[in-house]
Amino acid sequence: MEFAQAVHARHSYRGFLPKAVDQKTLKEVFELANWAPSNCNVQPWHVHVVTGQACDRLRAKMKAAAAENPEGDADFPWQGKFTGPYRERQICSALGLWEYQGVTREDREKRAWSWMRNFEFFDAPHVAFIFVTDEFPETLRLATDVGMYAQTLMLSLANAGIGSCPQTSISCFPNMVRQELGVESNFKLLMGLSFGYIDPSDAANNFRTEREALEDNTTFHHE
């Protein structure tokens, strides 16, 4: 793809086909993503890509855990709430997705189903867990590095015709993921990314969020 095409092709997809991405393509995608920038080129990300039976085991375990304790025990717990225009965008995003999923605000059972889809990895055949070690004192700078890596990875996936969905929700059960994948405790789970070939029959994949006008968030200084 041309760069602009890859940017516009990347969306948070929430419905995937069971077909796995072949190992050659996976390696090419993740090698390209490794060219992401980072502060002082420290490259702090440690990525575990889960496929096949390992993915299915984690899917089942995480769904059961989320049903019992939706908040989990995240290594990096959410500390606050969105306010003002940020809250408005959050609500618009949720309502828009629900519309495509056939969910209403009044239907608590269907709302719970929508939330649990996160822990099913939206049926994706692959999920990537992105860890960082606990040796970094500046969490915000570290998150910036991982954000740049994750965006590069998602664009690399889009370029290969593969859909993805970045998820902080599946970082809520880090101990489970560490145990399943044999990851040591000093590696902290920052986020996950479900990915695979897009299911065109899933209506949720037709949902698109909007973007603010450029002048609302970008100022050009000439003098």
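The values are calculated or read from the model by the stated rules, or taken from the named source; none is laboratory data. All of these numbers come straight from a predicted model, not from anything done at the bench. Reconstructed Cβ throughout: ideal geometry from the backbone, glycine too, with neighbour counts over all protein chains shown. Ligands, DNA and RNA are excluded from the accessible area calculation, which covers all protein heavy atoms including side chains. Shrake-Rupley method; radii C 1.70, N 1.55, O 1.52, S 1.80 Å.
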- Residues of the range 29-57 being in a helix (DSSP H, G or I), closer than 15 Å to Ala150 by Cα and either open to solvent by 80 Å² or more (accessible area, probe 1.4 Å) or in contact with a helix residue (DSSP H, G or I) (Cβ under 6 Å, 6 or more places away or on another chain) (or both), in sequence order, are Val29, Glu31, Leu32, Ala33, Asn39
- List pairs: first in the range 126-151 and more than 22 Å from Leu181 (Cα to Cα), second of a type in the set (Ser, Thr, Tyr), Cβ under 9 Å, 6+ apart or cross-chain? Thr144/Ser38; Asp145/Ser38; Met148/Ser38
- Message: I'd like the residue in the range 126-160 that is among the aromatic types (Phe, Trp, Tyr) and not in a loop (DSSP other than H, G, I, E, B) and, out of all such residues, is nearest to Arg59 (Cα to Cα).
- Response: Phe129
- Query: Quick one: how many residues across the range 120-134 are out of contact with any Gly (no Cβ under 9 Å at 6 or more places or on another chain) and either more than 21 Å from Val146 (Cβ to Cβ) or among the basic types (Lys, Arg) (or both)?
  - Reply: 1
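When you scan the range 89-100, how many residues do you find that are among the hydrophobic types (A, V, I, L, M, F, W, C) and either touching a residue at least 12 places away in the same chain (Cβ under 8 Å) or exposed (fewer than 10 other Cβ atoms within 10 Å of the Cβ) (or both)?
3
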- Message: Checking Val103 against (1) open to solvent by 30 Å² or more (accessible area, probe 1.4 Å); (2) without any contact (Cβ under 8 Å) to a residue 24 or more places away in the chain; (3) more than 16 Å from Ala60 (Cα to Cα), only one condition comes out false. Which one?
- Response: (1)
- Task: Kindly list the number of the only condition in (1) part of a helix (DSSP H, G or I); (2) open to solvent by less than 70 Å² (accessible area, probe 1.4 Å); (3) not charged (D, E, K, R) that fails for Tyr86.
- Result: (2)
- Return yes or no: is Ala67 under 18 Å from Phe119 (Cβ atoms), open to solvent by 50 Å² or more (accessible area, probe 1.4 Å) and over 17 Å from the mean Cα position of the chain (by Cα)? yes
- Query: Are any residues in the range 12-28 open to solvent by 70 Å² or more (accessible area, probe 1.4 Å), farther than 30 Å from Trp115 by Cβ and touching a residue at least 60 places away in the same chain (Cβ under 8 Å), and if so, which ones?
  - Reply: Glu28
- Item | Filter result for the condition that a residue is in contact with a helix residue (DSSP H, G or I) (Cβ under 8 Å, 6 or more places away or on another chain) and at pLDDT below 95, over Phe173, Phe121, Phe136 | Phe136
- Message: Restricting to the range 182-196, name every residue that is open to solvent by 50 Å² or more (accessible area, probe 1.4 Å) and in a strand (DSSP E or B).
- Response: Lys188
